[in-house]
1. Using DSSP to call loops (not H, G, I, E or B), can you name the trypsin sites (Lys or Arg not before Pro) in the range 149-243 whose Cβ has at most 15 other Cβ atoms within 10 angstrom?
2. Please find the FRET efficiency linking Lys113 to Glu264, where r is the Cβ-Cβ separation and R0 is fixed at 30 Å, and quote it to the nearest 0.05.
3. Say R0 is 30 Å: what FRET efficiency, to the nearest 0.05, do Gln66 and Arg106 get from their beta-carbon distance?
4. Show me the chymotrypsin sites (Phe, Trp or Tyr not before Pro) within the range 164-226 that DSSP assigns to loop and that have at most 16 other Cβ atoms within 10 Å of their Cβ.
5. Just want to confirm a number: the relative contact order over the range 220-328, from Cα pairs under 8 angstrom separated by 6+ residues, in percent.
6. In the range 217-279, what GluC sites (Glu not before Pro) fall in a loop by DSSP, with at most 15 other Cβ atoms inside 10 Å?
Amino acid sequence: MIVKAYSIATVMALLLSACLPFVTGPAPEKLSTPAPQDAATPEVRSELLLWESRGSPCETAAITPQSLSYGDCGSTLSAVPAQTTGHSARLLELGDRYASFSARTRAGNLIFKGYGNLVPSDGETRAIAEWANMMSQVAQAGGADDSLSVAFAWHREGGPGNFCDDLVVYLTGWVSASDCRGYNAEGYLTASQLGQLYAWVDSLASIDHTEMFPPETGGLEMTLALHGNGRRQAEEQTFRDIFEFAATLFTELGYAAEAGPDVEEARQVLQDYLIALHSKDYALAARLYGGDTGLLQIWNPDLGNDVPALLQRACTQNGLQCLVPRLITYRAPDADGGYHFYVEFNNADQTLFQQGPCCGEIGGGPVSIFPFLVEKSANGLLVVDLPPYLP
């Protein structure tokens, strides 16, 4: 057990939300197709996901909404019905979201047949491979095992809120949160969060670490168990970053689980605003924007306070990236009654938008998740933030 004297400010920072950087992964490559039991069966014709391990011996799985077939590469596969693994719902979700692709990842090689329009990020591709790997293991075991695919487990107790919280993050991107009072919440990591998770898992050695904070924090204690595949030993800042990541996830899952119709209304306003900017409906965007126009006027002094014209110039000439939102995630309520969200955006080719370091800055890595605030006003719900900027 390691005991360190953190300041109150540092401890509180661990409990606040943070914008997490996205880290890219390996490049795609083609993989071999497994030999099915019967090439004429409907399951083969309807295959949506083929997975092949990268290790030795080579293992493969063919996953359809109806069944999962598994075995050694190039051999006759054993099949189990979808009821054994419970994979159908998730497979259909992925099929609706992503376009077809092939990829090579640390968790195996993929051929995916999808019907959506999004191109998965490296993190999302890895998560699909991790999921296929886990489903293959479940099929071989004859049922689900909660210990499969755990990336890290986090526990928090004591402190100013008398915490008794647990969070488990899986390599598939699935997250489960609970506490000793009966609270439970679940969800999936965003593309940006997946990138950060895999950066830790791939670079760090396994962690079994307990941090006891000073008495001023109310006896706050946090425990981390991470299954790492790397060799680098975690440093103090790394522990702090993972603690903050976990605390943020726990808080956001709680707010999302408790969100009512008002949150959905605010999310819809934000989506309408972003879509209006992208589709060049600047009049509608101006009606939904309640933020400061000072920067826009500095960029365009000839336009005065003509908000539709300012937004048009900002999107078409000044460097605002007025893109289609890929995912809008509710973060937390605002102290003044508003709503905090995170937004990921799509490039024109449906890939994940990433904002690199600005204006000669070095380091920091690309950012792909952006905060937005929707506030209540006399004119209804209004967005107070602008889209991301590229010089």
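1. Passing sites in the range 149-243 are Arg181, Arg231.
2. 0.40
3. 0.55
4. Here the sparse-neighbourhood loop sites are Tyr183.
5. 23 percent
6. Glu235
Bear in mind that the values in this text are calculations on the coordinates, not laboratory data. None of these values were measured; they are calculated from a predicted model. Cβ sites come from the backbone with ideal geometry, for glycine too, and all protein chains shown count toward neighbours.
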